[in-house]
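Below is one structure; the comments refer to it alone.
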Amino acid sequence: MGARGEIRFLLNGAPVALGNVRPDETLLDYLRLRQRLTGTKEGCAEGDCGACTVLVGRLRNGALSYESVNACIRFLGSLDACHVVTVEHLKRADGSLHPVQQAMVDYHGSQCGFCTPGFVMSLYALWMREAQPSDRAIEKALQGNLCRCTGYEPIVRAARAVSDYGNAASDPLATERAAVIAALQGMKDGARVEIGSGRERLLIPADVDDFAAILEAEPEATIVAGATDVGLWVTKFMRDIAPVVFIGGLDGLQEIREQDGVISIGAGVSYTGAFELLAKRIPALGALIDRIGGEQVRNMGTIGGNIANGSPIGDTPPPLIALGATLTLRRGSARRTIPLEDFFIDYGKQDRVPGEFVEAVHVPVPDAASRFAVWKISKRRDEDITAVLGAFDLRIADGRVEAARIAYGGMAATPKRAKSVEAALTGKAWTQETVEAALSAYDDDFQPISDMRASADYRMMAAKNLLRRYFLESTGAGAVNLSRHEAA
Ligand SMILES: Cc1cc2nc3c(=O)[nH]c(=O)nc-3n(C[C@H](O)[C@H](O)[C@H](O)COP(=O)(O)OP(=O)(O)OC[C@H]3O[C@@H](n4cnc5c(N)ncnc54)[C@H](O)[C@@H]3O)c2cc1C
Ligand code: FES
Ligand code: FES
């Protein structure tokens, strides 16, 4: 089948076919400038404030699910075969307010109103999922929405009360589900999408093989998975990212499964998509995912992108390195699998040749003899980037350290193992004395820098204190007993 020259999606109640889409055009610009749907606001344009929140419905294995996303960093070209729902879609034929909106009015959840459409959309997504959400679920759903006026309590009260105003089962997103599924299925024709000419092109591969062929032929193309990094290259740094290949909708990269004690995560799996299995099998990783961005970022961002970007402060590489994860890279039909830690060569330099892409990461599930923990230190608990992150996987038998894998983020130019510290612990009695003696080995492993997130001294002190915390909690003296692989 030849390439299709347009993207197709549903916008609220209407089908859209667009042949004129710039490779770097954001959904927010399209909504506000081209469609004049100005209910969706622009606050920060970097995925932090949630004023631009809309819902995106997508078919996965025939099932339709809606997720909140940040329209400011979501590229329009990534929406092929999706249902985009904006705040305007909540309007009722008789002019009355939607239950979420009425609850926000009655509980005084809005003052200046700038953040309100974003909060309404996040609460709408929550209500469609859970009609009677717990306070924890409400907090989680709102992690990615900022309000400078209300102090949040009225918004949380509104969230608790939404079901008093209507029944989620009779909401149009529920009652029109079958029709939306049929419409989206009709848009999935299995064709490659190619829009534009020369460098100014956007491509959506037909499948993973097609993606491999495109990248082999055009290794300079920008791969976009969740766009939570690349979106900011456009909105904040005005970088030219064309030509662009969108891979977020490729079913072949969406698989997450466990086999023989190893969880394999496809490069297109979002944090939200990975959460359930990881939280069940490696609870400390689940707890960490809850602290990555806000809900909208977790709905878009991928673990594959978090690895591929090579950042020294990405949250998932250190724990995955501590767990002994491996990475499958693919170029054309050739694949190679390497230890994840070997992927990170230096700042901005990864072991990835032109035309190669990250296909999947494979994570061994720690067994009962292993004590796995990971802690993220940042200035704010929610929606903040790591200053220091430490991950520990030690095997302790008969009071001695049999094996140790310890990795940090924020302490070097790459995510990095603390090999000298590991050596100072291995074979020793698991005692406070051993831990205190091993602390001097940190100077051999790390020379951290000072920046806006933390000073070098703070980083070093925090890194050492995380080992102390691990000791205390593993021996039952800390706040949490690490007899299973638990962490906060
Ligand atoms: C508001 C906000 C909060 C954030 N908070 C956190 C946080 O708490 N912790 C954290 O670690 N990160 C955070 N991030 C950063 C970001 O969300 C993560 O790094 C995310 O995992 C990136 O994944 P993505 O799919 O969005 O990547 P993209 O932006 O699509 O891509 C990132 C990079 O990886 C490349 N790439 C993507 N997929 C592949 C592939 N399969 N093969 C080869 N290259 C590929 C892209 O070309 C690009 O260079 C935050 C971002 C925002 C906007
Ligand atoms: S405008 Fe702030 S998150 Fe999009
Ligand atoms: S009501 Fe003013 S920012 Fe939220």
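Quick notes on this structure:
- Residues satisfying the stated conditions in segment 249-260, i.e. at negative phi and surrounded by fewer than 23 Cβ atoms within 10 Å (Cβ to Cβ): G249, L250, D251, G252, Q254, E255, I256, R257, E258, Q259
- Enumerated helices (runs of 4 or more DSSP H) restricted to segment 95-148, each holding at least 3 residues that are charged (D, E, K, R), within 15 Å of ligand 3 (Cβ to nearest atom) and touching a strand residue (DSSP E or B) at 6+ places or on another chain (Cβ under 9 Å): none
- Residue selected from segment 62-94 under the condition touching a residue at least 40 places away in the same chain (Cβ under 8 Å) and part of a loop (DSSP other than H, G, I, E, B), by the criterion nearest to ligand 2 (Cβ to nearest atom): C72
- Here is the figure for segment 151-192: residues that are crowded, with 18+ Cβ neighbours inside 10 Å, small (G, A, S) and in contact with a strand residue (DSSP E or B) (Cβ under 7 Å, 6 or more places away or on another chain) total 0.
- Only a single item in (1) in contact (Cβ under 8 Å) with a residue 24 or more places away in the chain; (2) within 17 Å of the chain's Cα centre (by Cα) is not met by A206, and it is number (2).
- Pair list, Cβ < 7 Å and 6+ apart or interchain, from segment 350-371 residues that are without any contact (Cβ under 8 Å) to a residue 60 or more places away in the chain and of a type outside the set (S, T, N, Q) to residues that are crowded, with 19+ Cβ neighbours inside 10 Å and outside any strand (DSSP E or B): D351/F343
- Residues in segment 234-246 that are β-branched (V, I, T) and in contact (Cβ under 8 Å) with a residue 60 or more places away in the chain: V234, T235, I241, V244.
- Unique residue being hydroxyl-bearing (S, T, Y), out of contact with any Lys or Arg (no Cβ under 6 Å at 6 or more places or on another chain) and under 30 Å from A137 (Cβ atoms) when the list is S440, S420, S378, S450: S378
- Taking segment 46-61 as the range and being within 16 Å of ligand 3 (Cβ to nearest atom) and either farther than 24 Å from I385 by Cβ or among the aliphatic types (A, V, I, L, M) (or both) as the test, only A51 passes.
- Residue count for segment 448-480, restricted to those that are loosely packed, with under 13 Cβ neighbours inside 10 Å and under 23 Å from S378 (Cβ atoms): 5
- Segment 95-126 - residue that is among the polar types (S, T, N, Q) and over 17 Å from E139 (Cβ atoms) and, of those, farthest from ligand 2 (Cβ to nearest atom): S96
- For first residues located in segment 220-233 and within 11 Å of I247 (Cβ to Cβ) and at pLDDT 95 or above, partners that are assigned to a helix (DSSP H, G or I) and within 16 Å of ligand 2 (Cβ to nearest atom) and lie 6+ apart or on another chain with Cβ distances below 6 Å form the pairs V224/V230; G226/M300.
- Checklist (1) modelled with pLDDT of 95 or more; (2) in a strand (DSSP E or B) applied to R371, failing item: (1)
- Cβ separations smaller than 9 Å between residues 6+ apart or across chains give the following pairs from segment 424-437 residues that are touching a residue at least 40 places away in the same chain (Cβ under 8 Å) and closer than 8 Å to V401 by Cβ to residues that are outside any helix (DSSP H, G or I) and not basic (K, R): W430/L394; W430/I396; W430/G399; W430/V401; W430/T475.
- Within segment 339-349, considering residues that are part of a strand (DSSP E or B) and touching a residue at least 60 places away in the same chain (Cβ under 8 Å), the one nearest to R395 (Cα to Cα): F344
- I263 falls short of the stated requirement of being surrounded by 21 or more Cβ atoms within 10 Å (Cβ to Cβ), within 18 Å of the chain's Cα centre (by Cα) and free of Cβ contacts under 8 Å to residues at least 60 places away in the same chain.
- Search result, residues across segment 433-474 that are of a type in the set (F, W, Y), part of a helix (DSSP H, G or I) and closer than 19 Å to K416 by Cβ: Y442, Y458, Y470
- Qualifying residue in segment 296-307 (condition: outside any helix (DSSP H, G or I), within 16 Å of ligand 2 (Cβ to nearest atom) and of a type outside the set (D, E)): yes
- Just one of the listed residues (I195, I214) is outside any helix (DSSP H, G or I), away from ligand 3 (no atom under 16 Å from the Cβ) and surrounded by 18 or more Cβ atoms within 10 Å (Cβ to Cβ), namely I195.
- Criterion (more than 10 Å from ligand 1 (Cβ to nearest atom) and within 30 Å of D189 (Cα to Cα)) met by exactly one of G273, G266: G273
The values are calculated or read from the model by the stated rules, or taken from the named source; none is laboratory data. What you see is a predicted model, and the numbers here were worked out from it, not measured in a lab. Cβ sites come from the backbone with ideal geometry, for glycine too, and all protein chains shown count toward neighbours.
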